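Read through the structure below, which is laid out as C-alpha cells, and then see the notes.
The values are calculated or read from the model by the stated rules, or taken from the named source; none is laboratory data. Quantities reported herein were computed from a predicted structural model and do not represent experimental measurements. Cβ coordinates were reconstructed from backbone atoms using ideal geometry, including for glycine residues, and neighbour counts include every protein chain displayed. SASA here: full protein model, heavy atoms, side chains in, ligands and nucleic acids out. Shrake-Rupley method; radii C 1.70, N 1.55, O 1.52, S 1.80 Å.
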Amino acid sequence: MKFICNKIELSEAINNVSRAVSPKSTIAALEGIKVSVRPGEVELTAYNLEMGIRTTIKADTQDSGEFVASSKLFSELTRRMNSDQITLTVDDNLVITILGDNTDCSFSAMSAEEYPDLPVVDSQRSFAVKQSVLRSMINQTSYAASTNESKPVLTGELFDIEDGKFNLVAIDGFRLAIRSELTDCSESYHFVVPKKALQEVSTLIKEDAAKDCTVCVNDRHIIFEINNVFVISRLLEGNFHNYKLSIPTSNKTEVIISKKDLANSLERCSLIIDDKNKSPIRCEIGGGTVKINCKTGIGRVSDTISADTTGDAVTIGFNNRLMLDALRVAEGDKVKIRLNGAMKVIELLPLDGESYIFLVMPIQLKN
C-alpha cells in the first residue's frame, strides 16, 4: 500500500480522530487508528466501542487496503515531518514508512482484521443545526451533567426537539441547565447523548463555524457530521428527569445584577473554601443590594453589590461552585435571578427571553 498526501491535512485528521482512541482495550487494535486506503482518498477511524470518529482526506493512492497505526507514533511522526507532501507506504510485514524531503521514519502497524465496524445509522431520520449554535448550546449546559454513574442517563444531555423548539438539557440533582433555540425541524426528537461525545463535538467545531452540523439518529446511536468529520456515539438508555416540572412558573423576588461583580465576589469566597473548610454562601437580597457572606476556618469574605431588586427581601444559601459554574457560561454583562423564598430553587436567566435557564438548589442556612 502507498499513498501521497498533504502533511497538514493528514496531521489534522489524525488529531481529530485520535480523540476516540481507546487508551486501554481488550482489543489491541482499538488502541490505534484504522487507516483505510481507497482510490483517491484515505479514511481514518478511531473507536472505543462507545464513541467513534471517522474522517477522510484526499490522497494520491496506489492499491487499496487497511491497517492500524499507533495513535501516538502516527500523530507525532507525521506532525514532525519537514515537508509539505509526505509519502506513506505499508509493506507485507505491516511496517509503515513515512517519507519526507530528507526524512525517513518507520514503525510497526497492526492488522485491521480485528477492528470492529462502526455502527450504521440511517440518514433518513436527521436534522440540521448551525455548528456555532450547537457549540454554544453544549458549552452552556455540559457543566451541569452528572458525574455519578449510579444513574447513567444523567451523565448525558437530553435533546428535546418539539414544536419548532430545540432544548438541550443537563441535570445532576443539584442543578439544571437548559439552552433553547428555535429550529426548522418538523419532527420530534427525544434522546440522551453522553457528555463526553458532546464535548468532542464542541471541540471539533471551529469558533467561526457558520456551516450546519447534520445530526442522524436511531434508537441506539447518533452521528454528528462536522466538516467531513463524523462523530458516532451510543445513546444513553433510561428515563431522563422531566425537567419542565422543575422550572418555576412564578417568582416572589427578582434581581438584575452585574455578572462580573457577582462572579468576582464568589471567586473571593472560593479562596476560603476547600475540602476541609466547607461553607454555603449566605446571600441577602433586598433594598437594591445583594450581600454576599462566607466564613470558614480559613477566613471571611463579605461583599455588598448594587443590584436592581424587586419583590420580597430574601436570605438564601447556596453552594459557591454550583453558582459560579452557571455564571461562567451565562451570556451578557448582566443576569436575572429569580427566587421564591429561602428554600426554593434559584433561577438564573438572561435579561431578555429564556435562551438559557440555569437552576441551582439552595442550601438551608443554620441561622
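Taking 12 Å as the cut-off, the amide N atoms of segment 83-113 that come nearer than this to a point 7 Å along the Cα-to-beta-carbon line of Asp63 belong to 89-97. Sorting 318-326, 332-340 by average packing, meaning the other beta carbons within 10 Å per residue, from highest down gives 318-326, 332-340.
Among Leu88, Leu245, Leu327, the largest mean-square fluctuation in a Gaussian network model of the chain, built with springs joining Cα atoms closer than 10 Å, belongs to Leu245. Summing charges over neighbours of Ser146, with a neighbour being any other residue whose Cβ is under 14 Å away from its Cβ, gives 0 when K and R count +1 and D and E count -1. Extension gain for the segment Thr89 to Lys252, taken as residue separation times 0.36 nm less the Cα-Cα distance, is 51.6 nm to one decimal. Counting charges near Asp333 (Lys, Arg +1; Asp, Glu -1) among other residues having Cβ under 15 Å from its Cβ returns a value of +1. If the segment from Thr304 to Ser25 were pulled out straight at 0.36 nm per residue, it would be longer than the present Cα-Cα gap by 95.1 nm.
Charge tally around Ile272: other residues with Cβ under 15 Å, Lys/Arg +1 each, Asp/Glu -1 each, net +3.
Projecting the Cα atoms of Asn320, Gly286, Ala307 onto the charge dipole of segment 244-322 (Cβ charges, centred on the Cα centre) puts Asn320 farthest toward the positive pole. Placing unit charges on the Cβ atoms of the charged side chains and taking the dipole of the chain about its Cα centre, the candidate lying farthest along the positive direction among Cys105, Thr249, Val192 is Thr249.
With a simple spin-label model that places each label point 7 Å from the Cα along the Cα-to-Cβ direction, the separation between Ser186 and Asp312 comes to 4.8 nm. With all protein chains kept in place, the per residue accessible area of segment 278-323 amounts to 50 square angstrom at a probe of 1.4 angstrom. Accessible area per residue for segment 1-113, computed on protein heavy atoms with a 1.4 Å probe, is 49 Å².
Let's test the formula: R0 of 30 Å, r as the Cβ-Cβ distance of Arg321 and Leu49. What FRET efficiency results, to the nearest 0.05? The computed FRET efficiency comes out at 0.40. If R0 is taken as 22 Å, the Cβ-Cβ distance between Ser132 and Leu351 corresponds to a FRET efficiency of 0.55. For segment 20-83, the carbon plus sulfur part of the accessible surface works out to 47%, probe radius 1.4 Å. 3J(HN,Hα) couplings calculated from phi for segment 188-193 with the Karplus curve 6.51 cos²θ - 1.76 cosθ + 1.60 (θ = phi - 60°) are, in sequence order, 9, 9, 8, 8, 10, 10 Hz; Gly and Pro show x.
On a 31 Å Cα-Cα criterion, which of the cross-link pairs Lys24/Lys276; Lys7/Lys196; Lys165/Lys195; Lys252/Lys278; Lys7/Lys211; Lys196/Lys252 come out too long? Violating the 31 Å limit, Cα to Cα: Lys24/Lys276; Lys196/Lys252.
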